[in-house]
Amino acid sequence: MSKSLRVWFLAPEVAPFAKTGGLADVAGSLPGALMKLGVDVRVALPMYRMVREGNFAMHEVFPGLEVPLGDETLQCDVLETTTDHGVPVYLFDREDLFDRPDLYGTPEGDYSDNLERFTFFTRAALLLAKKTGFHFDVVHCHDWQTGLAPAYLKTLYRDDPFFSQAGSVFTIHNMGYQGLFPAEKLSTCGLPASEFHPEGLEYWGNISLLKAGLVYADAITTVSPRYSQEIQTPEFGMGMDAILRNRSDDLHGIINGVDYHTWNPATDPHLPAHYSVRHMDGKKACKAALAHEMGVDHQFLARPLLAVISRLTVQKGHDLLLEIVPDVARLDVGLVILGAGEQKYQQALGFLGQEHPERLAIRVGFDEPLAHRIMAGADMLLAPSRYEPCGLTQIYALKYGTVPIVRAVGGFDDTIQQFDPSSGQGTGFKFLEHEPGAVLDRIKEAIQTYYNKAAWQKLVKNGMRADFSWSESAREYVALYEEVRQRRENSHTGFAQDRVSSRYERGVR
Ligand code: ADP
């Protein structure tokens, strides 16, 4: 690396401060890996109630930051804390916007002022950089909540000398969340009406903040190579595949890494016993403790214990799961499910749990320590997602000696290798068709393998030895930041925007 890179990392959730899913894990660990590579990286996060109540050490660094929102100017205070890896995290504190029980909405639906909330956050983050003289080379934005940052750099701040060197990278963690808002709210964003068209942030008559990120960013990444291909097809593109095909030269698939400091069965503070690939006894103790905690009958200790840990949404395959649970129960196995999300799945799973109380345990809610205990105590992790940008639970499962059974899509396909008992190669089980028969076949195959002790041990150890730490992927991000910086240096103004515009002249929505 020539001159030290400066990266302003904007994320709507960052572990351990605020988390609803894998994006938080990534934003909590990737910056540490970047810092190790010499990047001056700083993270921006809204000050949610969850952060306020989390007892993290923090101090105020900028009181009364003034931020335009629509035709008002609001103020917020900025506090600073650090990640476990020592990366500075700036918290944007505005109680009426962020001091709420949840991050984005309740099980009944999204907060109605999410446009105001995340427009405010994004604009505040850019303005803080300016006020404090943080001359970042790249703003790295994550998902729709931060999609306006690249748009601001290419429009409102295009002629502002402070931002003249600032490039942008936008990472898609999930195409399913597009940040759609009515066109009448355009003035909330502070963008000129001239940006509201199909080559800008208009998406079929609405504003889409995801699309803003996709259109205006200098480079786009997503969280696995396979998903970067899939989202360019109508099946997985969620209506935005044409946009992505038109930016395919600037779209990169970089597989997520994981933080083995947090997810390691040899040291995990949430576990009742520890274990490693050489000393596996602790895993049995974790299974017994989990069965006891969840109320799964003792007789199932000698049988496979399956687990599901995921948001309760159609994306994660909970519709399919509901269909197969009665069949799974007949296979003489235990099943534990931890999830938070849509009410209809919470209720339906609750009913199923009552029908098979001795073998089926359901916990509704977001419970980080329990997720770790399930990861350690289960034998298999079932993840029948419709689509999966990367997926982290299957990667954690590998490290915890818990064999993943996944659909062969997106990051699942990139990270899990189908087990072949004849060669002893492979780390899990994969099915392709999203239908009950296909999943059940793989579950039966996994159960059969479980009872073949030698094969099972081999499979478990293959997974535990797999390495998905950040080092390689963090290097890929650094190379991309360098490329973006180089591009900006080569043509100070408007280079990427001109390229985008000429492509969009072809009338792609
Ligand atoms: P996604 O980001 O799509 O939700 P990932 O597999 O990438 O899926 O990441 C999910 C993360 O959230 C993992 O760290 C997983 O352990 C955690 N998680 C999901 N649901 C729960 C829950 N109900 N309680 C605790 N942790 C959860």
(message) Every residue in the stretch 357-376 that is crowded, with 18+ Cβ neighbours inside 10 Å and more than 10 Å from the ligand (Cβ to nearest atom), please.
(response) 359, 360, 361, 362, 373, 376
(request) Restrict the check to the stretch 151-167 and report whether at least one residue is touching a residue at least 40 places away in the same chain (Cβ under 8 Å) and within 19 Å of the chain's Cα centre (by Cα). (result) no
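Restricting the stretch 275-319 to residues that are in a loop (DSSP other than H, G, I, E, B) and charged (D, E, K, R), which is nearest to the ligand (Cβ to nearest atom)?
Filtering the stretch 275-319 for residues that are in a loop (DSSP other than H, G, I, E, B) and charged (D, E, K, R), the one nearest to the ligand (Cβ to nearest atom) comes out as 311.
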(request) Specify the residue that is surrounded by the fewest Cβ atoms within 10 Å (Cβ to Cβ); the eligible residues are those in the stretch 282-320 that are in contact (Cβ under 8 Å) with a residue 60 or more places away in the chain and of a type in the set (Val, Ile, Thr). (result) 314
(request) May I ask you to say which residue of 214, 209 is surrounded by 24 or more Cβ atoms within 10 Å (Cβ to Cβ), assigned by TED's automatic domain parsing to the domain that holds residue 481 and under 20 Å from residue 477 (Cα atoms)? (result) 214
(request) Grab the helices (runs of 4 or more DSSP H) fully contained in the stretch 6-99, keeping just those with 1 or more residues being of a type in the set (A, V, I, L, M) and under 21 Å from the mean Cα position of the chain (by Cα). (result) 22-36, 49-52
(message) Is it the case, given these coordinates, that residue 37 is surrounded by fewer than 23 Cβ atoms within 10 Å (Cβ to Cβ), in contact with a helix residue (DSSP H, G or I) (Cβ under 6 Å, 6 or more places away or on another chain) and farther than 26 Å from residue 131 by Cβ?
(response) yes
(message) It is to be established whether one or more residues within the stretch 165-175 are at pLDDT 95 or above and either farther than 25 Å from residue 483 by Cβ or among the charged types (D, E, K, R) (or both).
(response) no
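Only one of these is of a type in the set (A, V, I, L, M, F, W, C), in the same structural domain as residue 24 (by TED's automatic domain parsing) and buried (at least 24 other Cβ atoms within 10 Å of the Cβ): 170, 98, 162. Name it.
170
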(request) Report whether or not residue 66 is away from the ligand (no atom under 16 Å from the Cβ), more than 27 Å from residue 174 (Cβ to Cβ) and without any contact (Cβ under 8 Å) to a residue 12 or more places away in the chain. (result) no
(request) Please find, among 379, 332, the residue that is under 26 Å from residue 463 (Cα atoms), more than 12 Å from the ligand (Cβ to nearest atom), surrounded by 21 or more Cβ atoms within 10 Å (Cβ to Cβ) and of a type in the set (D, E, K, R). (result) 379
(request) Go through the stretch 10-55 and count every residue that is closer than 24 Å to residue 120 by Cβ, without any contact (Cβ under 8 Å) to a residue 40 or more places away in the chain and not small (Gly, Ala, Ser). (result) 1
(request) Being at pLDDT 95 or above, over 18 Å from the mean Cα position of the chain (by Cα), surrounded by fewer than 21 Cβ atoms within 10 Å (Cβ to Cβ) and farther than 15 Å from residue 144 by Cβ narrows it down to one of 219, 273, so name that one. (result) 273
(request) Report, by residue number, each residue of the stretch 382-427 that is of a type in the set (Asp, Glu) and either crowded, with 24+ Cβ neighbours inside 10 Å or not assigned by TED's automatic domain parsing to the domain that holds residue 318 (or both). (result) 388
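The values are calculated or read from the model by the stated rules, or taken from the named source; none is laboratory data. Here the structure is a predicted model, which means the values were calculated and not measured. As a convention, Cβ positions derive from the backbone with ideal geometry for all residues, glycine included, and neighbour counts pool all protein chains shown.
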